[in-house]
Amino acid sequence: MRKRPQQQRSREMVRALIDATAQVIQQQGLDNTTTARIADVAGVSVGSLYQYFGDKDGLIEALMESLAEDIGVGLKRLPITDNVDINAMVSSAIRFGFAVLHSRDGLYLELVRNWHRLPTNRVVEVLQQHFMDLARMYFLRHYRDYPIHNLEVRVFIVTNSVLFTMVRYISQHGGMIRESELADELTRMVASYIAEPPASEETVR
């Protein structure tokens, strides 16, 4: 973003442009999305658009960051109670992720299919932080059962592994793998890895 909106009216215009970007991608696909069409749908001039966004990529980056924050809010709403075990928590998070991919009338699917072309670093950082918050809340409640000391490392590995797997699955249109089976296997992999007790010094030696 070229500059941050300061006034309420400017913030509303930027929000309208981000929403319009999502709408145009939904309707026309990423390749057919243009700044002129986005400005038209948002009801603003192209000149006003360029005051805040340098090009289409800037709008898409802002959209993806906004979507990542929305996903983070959804993750925080997942139930984390004292009687929820690690498998149930991981399963809820992964199935929530697949549900998100199929929402917004194909918007997420179109973005994921073009993941390699998009500015995804910030998105991954945002999602990783939300997964970290979720994991921290869970393991603080269950520290006696899972005395993990390198949670940041494990969450980093899990977040990137799951995202890569889901992106590849969507990009290849599933193939012979059913989504429910993939979700089950991801749950088993993540739950067993993230809750694995830390290796003792004697084991390492």
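The values are calculated or read from the model by the stated rules, or taken from the named source; none is laboratory data. Fair warning: this is a prediction, and the values are worked out from it, not measured in the lab. Heads up, the Cβs are rebuilt from the backbone with ideal geometry, glycines too, and the neighbour counts pull from every protein chain shown.
Can we say MET189 is within 21 Å of LEU111 (Cα to Cα), modelled with pLDDT of 90 or more, in the same structural domain as GLY106 (by TED's automatic domain parsing) and surrounded by 13 or more Cβ atoms within 10 Å (Cβ to Cβ)? Spelling it out, it is not the case that MET189 is within 21 Å of LEU111 (Cα to Cα), modelled with pLDDT of 90 or more, in the same structural domain as GLY106 (by TED's automatic domain parsing) and surrounded by 13 or more Cβ atoms within 10 Å (Cβ to Cβ).
Of all residues in segment 19-52, those that are among the hydrophobic types (A, V, I, L, M, F, W, C) and either free of Cβ contacts under 8 Å to residues at least 24 places away in the same chain or in the same structural domain as GLN129 (by TED's automatic domain parsing) (or both) total 7.
Table: residues versus (1) part of a helix (DSSP H, G or I); (2) in contact (Cβ under 8 Å) with a residue 60 or more places away in the chain; (3) in contact with a Ser or Thr (Cβ under 7 Å, 6 or more places away or on another chain).
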{"site": "GLY74", "(1), (2), (3)": "yes, no, no"}
{"site": "LEU109", "(1), (2), (3)": "yes, yes, no"}
{"site": "ARG122", "(1), (2), (3)": "yes, yes, no"}
{"site": "PHE131", "(1), (2), (3)": "yes, no, yes"}
{"site": "ARG136", "(1), (2), (3)": "yes, no, no"}
{"site": "ASP145", "(1), (2), (3)": "no, no, no"}
{"site": "ASN160", "(1), (2), (3)": "yes, no, no"}
{"site": "VAL167", "(1), (2), (3)": "yes, no, no"}
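Could you run through segment 76-107 and say how many residues are part of a helix (DSSP H, G or I) and either touching a residue at least 24 places away in the same chain (Cβ under 8 Å) or more than 13 Å from the chain's Cα centre (by Cα) (or both)? Adding up the residues that qualify gives 19. Say we look at segment 41-55 and pick out the residues that are under 27 Å from the mean Cα position of the chain (by Cα) and among the small types (Gly, Ala, Ser); which of these is nearest to ARG9 (Cα to Cα)? Checked segment 41-55; the qualifying residue nearest to ARG9 (Cα to Cα) is ALA42.
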